[in-house]
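Input: a single structure, listed below in C-alpha coordinates.
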Amino acid sequence: MQRLYINPIFKKRLNDLQCCDFKSLSALTSDGDLIAHDKGRTTHRLELAGETYYLKSVHKAIIGPSIESLLSLRMPHHYCWREMIQVNALASADISVMQVAATGEHSRRGVLDYSFLLTPEVPGELLDKVFEQADRDQQARLLSSLGELIGRLHSHGFFTSVRMKDVIVDSAGKFTLIDRETRKPGARRVNPRKAVNGLARTLRRQSRDGMTLDPEQLQTHLQAYLTTAPLSITVEQLKKLV
(Lines give C-alpha, C1' and ligand atoms only; values in the text may rest on other atoms or scores of the structure.)
Protein backbone atom coordinates (compact mmCIF):
# COMPACT_ATOMS: atom_id res chain seq x y z
CA MET A 1 0.00 0.00 0.00
CA GLN A 2 1.18 3.52 -0.78
CA ARG A 3 0.34 6.75 1.01
CA LEU A 4 1.26 10.15 -0.45
CA TYR A 5 1.15 13.72 0.86
CA ILE A 6 1.86 16.78 -1.29
CA ASN A 7 2.03 20.19 0.34
CA PRO A 8 -0.54 22.44 -1.42
CA ILE A 9 2.09 25.20 -1.58
CA PHE A 10 4.25 22.99 -3.81
CA LYS A 11 1.53 21.17 -5.74
CA LYS A 12 1.63 23.35 -8.88
CA ARG A 13 5.43 23.32 -9.01
CA LEU A 14 5.53 19.55 -8.72
CA ASN A 15 2.75 19.15 -11.28
CA ASP A 16 4.71 21.32 -13.72
CA LEU A 17 7.70 19.01 -13.19
CA GLN A 18 5.45 15.96 -13.69
CA CYS A 19 6.31 14.85 -10.17
CA CYS A 20 2.83 14.50 -8.77
CA ASP A 21 2.55 10.82 -7.82
CA PHE A 22 4.34 8.32 -5.60
CA LYS A 23 6.35 6.69 -8.37
CA SER A 24 7.67 9.88 -9.97
CA LEU A 25 8.59 11.48 -6.65
CA SER A 26 10.40 8.45 -5.26
CA ALA A 27 12.25 8.08 -8.58
CA LEU A 28 13.81 11.55 -8.29
CA THR A 29 16.86 9.93 -6.70
CA SER A 30 18.08 9.09 -10.20
CA ASP A 31 18.26 12.83 -11.02
CA GLY A 32 20.15 13.94 -7.91
CA ASP A 33 23.58 13.81 -6.31
CA LEU A 34 23.97 11.34 -3.47
CA ILE A 35 25.24 13.29 -0.45
CA ALA A 36 24.56 10.82 2.39
CA HIS A 37 24.18 7.06 2.63
CA ASP A 38 23.94 5.02 5.82
CA LYS A 39 22.08 1.85 6.86
CA GLY A 40 19.23 1.94 4.38
CA ARG A 41 19.03 5.73 4.35
CA THR A 42 20.03 8.00 1.49
CA THR A 43 19.85 11.73 0.88
CA HIS A 44 20.07 13.21 -2.61
CA ARG A 45 20.53 16.84 -3.58
CA LEU A 46 18.30 17.85 -6.49
CA GLU A 47 18.03 20.86 -8.78
CA LEU A 48 14.41 21.21 -9.89
CA ALA A 49 13.42 24.15 -12.09
CA GLY A 50 16.26 26.25 -10.69
CA GLU A 51 15.53 25.43 -7.04
CA THR A 52 17.46 23.15 -4.70
CA TYR A 53 15.69 20.31 -2.91
CA TYR A 54 16.73 17.38 -0.76
CA LEU A 55 15.18 13.93 -1.06
CA LYS A 56 15.56 11.64 1.93
CA SER A 57 14.73 7.96 1.36
CA VAL A 58 14.53 5.28 4.04
CA HIS A 59 14.40 1.58 3.13
CA LYS A 60 13.84 -0.21 6.41
CA ALA A 61 11.07 -2.50 7.60
CA ILE A 62 9.65 -1.54 10.98
CA ILE A 63 7.48 -3.88 13.01
CA GLY A 64 7.89 -3.06 16.70
CA PRO A 65 6.97 0.65 16.46
CA SER A 66 3.97 -0.22 14.28
CA ILE A 67 2.63 -2.63 16.89
CA GLU A 68 3.28 -0.05 19.62
CA SER A 69 1.33 2.59 17.67
CA LEU A 70 -1.62 0.27 17.14
CA LEU A 71 -1.72 -0.67 20.82
CA SER A 72 -1.84 3.03 21.72
CA LEU A 73 -4.59 3.60 19.11
CA ARG A 74 -2.30 5.65 16.87
CA MET A 75 -1.86 5.13 13.14
CA PRO A 76 1.61 3.63 12.54
CA HIS A 77 3.82 5.54 10.10
CA HIS A 78 7.26 5.16 8.57
CA TYR A 79 10.22 7.42 9.37
CA CYS A 80 9.75 10.15 6.77
CA TRP A 81 5.99 10.35 7.26
CA ARG A 82 6.52 10.84 11.00
CA GLU A 83 8.99 13.61 10.23
CA MET A 84 6.38 15.35 8.09
CA ILE A 85 3.88 15.16 10.98
CA GLN A 86 6.47 16.67 13.31
CA VAL A 87 7.32 19.48 10.89
CA ASN A 88 3.66 20.39 10.46
CA ALA A 89 3.12 20.36 14.23
CA LEU A 90 6.10 22.67 14.76
CA ALA A 91 4.89 25.05 12.06
CA SER A 92 1.45 25.12 13.71
CA ALA A 93 3.17 26.18 16.95
CA ASP A 94 4.81 29.08 15.07
CA ILE A 95 8.27 27.50 15.26
CA SER A 96 10.51 28.25 12.26
CA VAL A 97 11.08 24.88 10.62
CA MET A 98 11.96 23.51 7.20
CA GLN A 99 9.13 22.99 4.73
CA VAL A 100 8.01 19.63 3.40
CA ALA A 101 7.12 19.61 -0.29
CA ALA A 102 6.02 15.98 -0.39
CA THR A 103 6.32 12.72 1.47
CA GLY A 104 5.25 9.16 0.90
CA GLU A 105 5.33 5.80 2.64
CA HIS A 106 4.91 2.21 1.50
CA SER A 107 3.86 -0.95 3.29
CA ARG A 108 3.91 -4.56 2.18
CA ARG A 109 1.56 -7.06 3.83
CA GLY A 110 0.94 -4.60 6.63
CA VAL A 111 4.63 -3.92 7.33
CA LEU A 112 5.93 -0.40 6.69
CA ASP A 113 9.16 -0.71 4.71
CA TYR A 114 9.88 2.51 2.78
CA SER A 115 9.33 6.25 2.90
CA PHE A 116 10.67 9.41 1.30
CA LEU A 117 10.67 13.11 2.16
CA LEU A 118 11.19 15.96 -0.32
CA THR A 119 12.18 19.31 1.18
CA PRO A 120 13.29 22.62 -0.35
CA GLU A 121 16.68 23.93 0.72
CA VAL A 122 16.64 26.28 3.71
CA PRO A 123 18.76 29.39 2.96
CA GLY A 124 21.69 29.89 5.31
CA GLU A 125 24.45 27.91 7.02
CA LEU A 126 24.46 25.13 9.58
CA LEU A 127 24.70 26.54 13.09
CA ASP A 128 27.62 24.29 14.07
CA LYS A 129 29.69 25.68 11.18
CA VAL A 130 28.76 29.27 12.01
CA PHE A 131 29.57 28.68 15.69
CA GLU A 132 33.02 27.26 14.90
CA GLN A 133 33.93 30.34 12.86
CA ALA A 134 32.49 32.89 15.31
CA ASP A 135 34.42 34.86 17.92
CA ARG A 136 33.65 34.57 21.62
CA ASP A 137 31.00 37.32 21.70
CA GLN A 138 29.28 35.98 18.59
CA GLN A 139 29.26 32.48 20.07
CA ALA A 140 27.57 33.83 23.20
CA ARG A 141 24.81 35.40 21.11
CA LEU A 142 24.34 32.18 19.16
CA LEU A 143 24.13 30.14 22.36
CA SER A 144 21.56 32.56 23.76
CA SER A 145 19.42 32.28 20.64
CA LEU A 146 19.70 28.49 20.69
CA GLY A 147 18.79 28.37 24.38
CA GLU A 148 15.71 30.53 23.79
CA LEU A 149 14.66 28.31 20.88
CA ILE A 150 14.97 25.11 22.92
CA GLY A 151 13.03 26.73 25.75
CA ARG A 152 10.23 27.68 23.34
CA LEU A 153 10.12 24.15 21.99
CA HIS A 154 9.82 22.72 25.49
CA SER A 155 7.10 25.23 26.36
CA HIS A 156 5.10 23.91 23.39
CA GLY A 157 5.65 20.26 24.30
CA PHE A 158 8.43 19.39 21.81
CA PHE A 159 11.23 17.60 23.65
CA THR A 160 13.22 16.05 20.79
CA SER A 161 16.93 16.92 20.93
CA VAL A 162 18.09 20.00 19.02
CA ARG A 163 21.78 20.01 18.20
CA MET A 164 23.64 22.77 16.40
CA LYS A 165 23.69 20.69 13.23
CA ASP A 166 19.88 20.61 13.36
CA VAL A 167 19.64 24.39 12.88
CA ILE A 168 20.16 26.64 9.86
CA VAL A 169 21.10 30.30 10.47
CA ASP A 170 20.35 32.81 7.74
CA SER A 171 22.07 36.15 7.05
CA ALA A 172 19.67 37.94 9.42
CA GLY A 173 20.42 35.54 12.27
CA LYS A 174 17.10 33.69 12.03
CA PHE A 175 17.16 30.07 13.24
CA THR A 176 15.28 27.39 11.28
CA LEU A 177 15.00 23.77 12.39
CA ILE A 178 15.83 20.91 10.03
CA ASP A 179 15.99 17.09 10.34
CA ARG A 180 13.00 16.65 12.64
CA GLU A 181 12.63 12.88 12.43
CA THR A 182 11.27 11.45 15.68
CA ARG A 183 9.63 8.26 16.86
CA LYS A 184 6.63 10.01 18.41
CA PRO A 185 5.75 13.12 16.39
CA GLY A 186 3.57 15.92 17.66
CA ALA A 187 3.50 17.94 20.85
CA ARG A 188 3.47 16.20 24.20
CA ARG A 189 1.97 17.46 27.43
CA VAL A 190 4.19 20.22 28.84
CA ASN A 191 6.03 18.78 31.81
CA PRO A 192 9.01 20.27 33.74
CA ARG A 193 10.65 16.87 34.14
CA LYS A 194 10.42 16.20 30.40
CA ALA A 195 11.90 19.64 29.77
CA VAL A 196 14.89 18.99 32.03
CA ASN A 197 15.43 15.51 30.56
CA GLY A 198 15.14 16.90 27.04
CA LEU A 199 17.70 19.62 27.76
CA ALA A 200 20.11 17.14 29.36
CA ARG A 201 19.75 14.81 26.37
CA THR A 202 20.42 17.68 23.97
CA LEU A 203 23.58 18.72 25.85
CA ARG A 204 24.88 15.13 25.89
CA ARG A 205 24.28 14.65 22.17
CA GLN A 206 25.84 18.03 21.45
CA SER A 207 28.90 16.99 23.44
CA ARG A 208 29.17 13.75 21.46
CA ASP A 209 29.20 15.90 18.32
CA GLY A 210 32.32 17.62 19.69
CA MET A 211 30.55 20.77 20.91
CA THR A 212 31.09 20.66 24.68
CA LEU A 213 30.33 24.03 26.29
CA ASP A 214 32.71 25.50 28.84
CA PRO A 215 31.25 26.81 32.16
CA GLU A 216 30.78 30.37 30.89
CA GLN A 217 29.11 29.21 27.68
CA LEU A 218 26.85 26.82 29.59
CA GLN A 219 25.81 29.66 31.90
CA THR A 220 24.89 31.84 28.91
CA HIS A 221 23.00 29.01 27.23
CA LEU A 222 20.99 28.03 30.32
CA GLN A 223 20.14 31.62 31.24
CA ALA A 224 18.61 32.13 27.81
CA TYR A 225 16.84 28.76 27.98
CA LEU A 226 15.10 29.70 31.23
CA THR A 227 13.63 32.88 29.69
CA THR A 228 11.34 30.76 27.51
CA ALA A 229 11.29 27.30 29.16
CA PRO A 230 8.40 25.93 31.29
CA LEU A 231 10.56 25.99 34.44
CA SER A 232 10.63 28.26 37.49
CA ILE A 233 14.11 27.57 38.84
CA THR A 234 17.50 29.28 38.88
CA VAL A 235 20.40 28.59 36.56
CA GLU A 236 22.35 27.02 39.43
CA GLN A 237 19.46 24.67 40.19
CA LEU A 238 19.18 23.76 36.51
CA LYS A 239 22.91 23.00 36.28
CA LYS A 240 22.52 20.35 38.98
CA LEU A 241 19.71 18.69 37.02
CA VAL A 242 21.41 18.53 33.63
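The values are calculated or read from the model by the stated rules, or taken from the named source; none is laboratory data. Everything quoted here is computed from the prediction, not taken from an experiment. Every residue, glycine among them, receives a Cβ derived from its backbone with ideal geometry; neighbour counts consider all protein chains shown.
What to note about this one:
Residue-wise test of (1) at pLDDT below 90; (2) under 23 Å from the mean Cα position of the chain (by Cα); (3) assigned by TED's automatic domain parsing to the domain that holds His77; (4) farther than 27 Å from Trp81 by Cα.
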| position | (1), (2), (3), (4) |
| --- | --- |
| Pro185 | no, yes, no, no |
| Arg188 | no, yes, no, no |
| Lys194 | no, yes, no, no |
| Gln206 | no, yes, no, no |
| Leu213 | no, yes, no, yes |
| Gln217 | no, no, no, yes |
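- Test: residue in region 232-240 that is at pLDDT below 95, outside any helix (DSSP H, G or I), of a type in the set (Ser, Thr, Tyr) and over 18 Å from the mean Cα position of the chain (by Cα): yes
- Test: residue in region 175-192 that is under 24 Å from His77 (Cα atoms) and in a helix (DSSP H, G or I): no
- Residue-level analysis places Leu143 among those that are in contact (Cβ under 8 Å) with a residue 24 or more places away in the chain, more than 15 Å from the chain's Cα centre (by Cα), buried (at least 21 other Cβ atoms within 10 Å of the Cβ) and under 21 Å from Val235 (Cα atoms).
- Hey, Lys60 in the same structural domain as Ala89 (by TED's automatic domain parsing) and either modelled with pLDDT under 90 or farther than 14 Å from His106 by Cβ (or both) or not: no
- Leu112 fulfils the conditions (1) assigned to a helix (DSSP H, G or I); (2) at pLDDT below 95 except for a single criterion, (1).
- Exactly one residue out of Asp113, Asp94, Asp128 is acidic (Asp, Glu), out of contact with any His (no Cβ under 8 Å at 6 or more places or on another chain) and under 29 Å from Leu14 (Cα atoms), and it is Asp94.
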